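Some notes on the structure that comes next.
The values are calculated or read from the model by the stated rules, or taken from the named source; none is laboratory data. These figures come from a predicted structure and were not determined experimentally. All Cβ positions, glycine included, derive from the backbone under ideal geometry; neighbour counts span all protein chains shown.
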Amino acid sequence: MTLTTLLRRLGYTLGLPVILVALWWVTSAGSQNFFWPPLARIMDAFAETWFGPRFAADVLPSLIRLFIGYLVALVAGVGLGVAVGSWRWLRESIEPSLEFFRAIPPPVLVPILILFFGIGETMNVAVIIIGCVWPILLNTTEGVRSVDEVQRDTAACFRFRPVSRLFRLTLPAASPQIAAGARQALSVAIILMVISELFATTNGLGFVIVQFQRSFQIPQMWSGIILLGLIGVALSMIFRFFESRALSWYTGMRHSERGE
Amino acid sequence: MVPDATRLPGTTVAGTGPEVMLDIRHVQKIYEGRDRSVEAVRDLDFRVAAGELVCVVGPSGAGKTTLLRCIAGLLEVTKGEILLSNQKVTGPPEGMAVVFQEYGRSLFPWMTVRQNVELPLREKGVDRSERARLVDEALEAVGLAHVHRAHPWQLSGGMQQRVAIARAVAYEPRVLLMDEPFAAVDAQTRAELEDLILRLWQRLNVTIVFVTHDIDESVYLGQRVIVLSNSPTVVLDDVKIDLPGERDQVTTRSRPEFSRLRTRIYQLVQLAKQQNATARA
């Protein structure tokens, strides 16, 4: 990569964010509106609010819930998806029920889950799991179903053991679709993390943002929203890093199929 | 590649060889559909001796692939049985390798060429150093030693099929089934691959069943050619190919016996098509 192409790429990536921040900065600069403070004040609040004890008290618990919930959903979704995708009878018998459960918006389960788990970590994590499992499950099922017939025959002819058939054929073959489901689930996880904390907890990002709003700490509230956005960007960058490593064969194959 | 002369073991193992490797006994295959069933294969009955190279030829839609999938244990036969070394085939048997027509789809794109060739050996429980040796030899034999770290999709179609052949060869099968393996490669590559198969067959002393719709290819490669009828399939004829053991793309194909044999088989296949047309009329 030459220096010019590197600069051009950097320009494409950072161009719009820089413009938006500049726009926000300029339009809000002299603002007297209480609910629309100047960006400079929000930035000050950001540093004060989050680079301190609040990070351990609120940001970390949220991230831990997110991480645990997402991980459990990933394992459960892939596991169930492989089973549902592999066995026709299972698929036919549970697919209608799956459609029903999938159609229920997860936030609506929060009141019910509070009844069962009470207010606390378990409820938060459960909401994240229940919401995230669907995109992973459905994508994995589809990926497993569409494993190439000839590849399956090949594995059968060479007498692959069931374990190697799973790890050397089914999962790699379905991995592009599993990754697509996992990517969707990641944004769902962030949304549900916040929503579950809005309802009922004593710490966490969602909780704190609502507290700021109720106590009229408006710059702090804005800074919390910015932090959420930044967490989202960071997580999706981490995700893409791992995805591009695991699926380099897939992108390479797609490129070569298109004759690039 | 210069088409190189290949010496065949020839008559020593043909037909009358002592050990029967594959015994196809009155095999019938009916596909049961929801409201109708299709008889793809009516009655196939033939034997293949150990070390023989038998070509199976027939018009398209003749149930060639059905037969091969039955032998490979991927399909259950409706009637009759298939024996491999006197053992009934009920699922994919030990010591058998298959090269499919769809080379691109039979290789695992997430693995390198080397990993693709090595994987069946791991499944077989071959230890590490032995695996490395077998993979190196197989890739060397198909002329792909230099690309072992590439992924299959980085290679041309002909090279991909070579990888599939290397994978089968490294597995050291007793029986190698090939299902129209060269149908999708260009003519020049095809000739090279045919000679490659002859060389490997002679070196490894493996039994090969080679399914093709190409009559010339069947005569060029086979010691025997089994001619199938249209579906529902029966064996029309079992033609012994009495060409000299040494085969060469140019001289073998221009011999009078070659054209006599290909004419005979061509007429048989034409007859099969006509019979089918009159039967339907």
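Table: residues versus (1) assigned to a loop (DSSP other than H, G, I, E, B); (2) modelled with pLDDT under 90; (3) touching a strand residue (DSSP E or B) at 6+ places or on another chain (Cβ under 6 Å); (4) within 28 Å of A:A179 (Cα to Cα).
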site	(1), (2), (3), (4)
A:Y12	no, yes, no, yes
A:I19	no, no, no, no
A:R54	no, yes, no, no
A:D58	no, yes, no, no
A:G79	no, no, no, yes
A:A83	no, no, no, yes
A:S97	no, yes, no, yes
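Collect the residues in region A:164-173 that are among the hydrophobic types (A, V, I, L, M, F, W, C) and within 12 Å of another protein chain (Cβ to nearest Cβ), keeping them in residue-number order. Give the steps one after another, and end with the answer.
Going through region A:164-173, the residues among the hydrophobic types (A, V, I, L, M, F, W, C) turn out to be A:166-167, A:169, A:171, A:173.
If the condition is that a residue be among the hydrophobic types (A, V, I, L, M, F, W, C) and within 12 Å of another protein chain (Cβ to nearest Cβ), then A:F167, A:L169, A:L171, A:A173 are the ones that fit.
Which of the numbered conditions does A:V150 fail, given that it passes all the others? Conditions: (1) closer than 25 Å to A:E243 by Cα; (2) within 14 Å of chain B (Cβ to nearest Cβ).
(1)
Would region A:174-189 turn up any residue that is within 13 Å of chain B (Cβ to nearest Cβ), part of a helix (DSSP H, G or I) and not small (G, A, S)?
At the first step, the residues of region A:174-189 found to be within 13 Å of chain B (Cβ to nearest Cβ) are A:174-176, A:178-179.
Applying the additional criterion that residues be part of a helix (DSSP H, G or I) yields A:174-176, A:178-179.
Retained after the next criterion (residues that are not small (G, A, S)): A:176, A:178.
Checked region A:174-189: at least one residue is within 13 Å of chain B (Cβ to nearest Cβ), part of a helix (DSSP H, G or I) and not small (G, A, S).
Go through region A:45-78 and count every residue that is loosely packed, with under 15 Cβ neighbours inside 10 Å and of a type outside the set (A, V, I, L, M, F, W, C).
3
Can you find a residue that is under 24 Å from B:V77 (Cβ atoms) and in contact with a Pro (Cβ under 7 Å, 6 or more places away or on another chain) anywhere in region B:171-184? Working first, answer last.
First, the residues of region B:171-184 that are under 24 Å from B:V77 (Cβ atoms): B:173-181.
Filter once more, keeping what is in contact with a Pro (Cβ under 7 Å, 6 or more places away or on another chain): none.
No: region B:171-184 contains no residue that is under 24 Å from B:V77 (Cβ atoms) and in contact with a Pro (Cβ under 7 Å, 6 or more places away or on another chain).
Identify the residue in region B:117-155 that is exposed (fewer than 14 other Cβ atoms within 10 Å of the Cβ) and assigned to a loop (DSSP other than H, G, I, E, B) and, among all such residues, is nearest to the other protein chains (Cβ to nearest Cβ).
B:G125
Determine whether region A:215-233 contains at least one residue that is under 21 Å from A:L74 (Cα atoms) and either free of Cβ contacts under 8 Å to residues at least 40 places away in the same chain or surrounded by 20 or more Cβ atoms within 10 Å (Cβ to Cβ) (or both). Steps first, please.
Here is the first cut: in region A:215-233, the ones under 21 Å from A:L74 (Cα atoms) are A:231-233.
Filter once more, keeping what is either free of Cβ contacts under 8 Å to residues at least 40 places away in the same chain or surrounded by 20 or more Cβ atoms within 10 Å (Cβ to Cβ) (or both): A:233.
Yes.
Within region B:72-116, restricting attention to residues that are without any contact (Cβ under 8 Å) to a residue 12 or more places away in the chain and in a strand (DSSP E or B), which residue is nearest to the other protein chains (Cβ to nearest Cβ)?
My answer is B:Q87.
On the basis of being β-branched (V, I, T), under 25 Å from the mean Cα position of the chain (by Cα) and part of a helix (DSSP H, G or I), does A:I68 make the cut? Full working, then the answer.
Numbers: β-branched (V, I, T): yes; under 25 Å from the mean Cα position of the chain (by Cα): yes; part of a helix (DSSP H, G or I): yes.
Criteria met by A:I68.
Looking at region A:200-214, can you tell me whether even one residue there is farther than 18 Å from A:R54 by Cα and part of a helix (DSSP H, G or I)?
Start the filter on region A:200-214 by keeping residues that are farther than 18 Å from A:R54 by Cα, which leaves A:200.
With the extra rule that they be part of a helix (DSSP H, G or I), the set shrinks to none.
No, that holds for no residue.
Within region A:122-142, identify whether any single residue is closer than 30 Å to B:V117 by Cα, within 14 Å of chain B (Cβ to nearest Cβ) and of a type in the set (D, E), and answer yes or no.
no
Consider region B:141-177. How many of its residues are farther than 22 Å from B:V211 by Cβ and of a type in the set (S, T, N, Q)?
Number of matching residues: 2.
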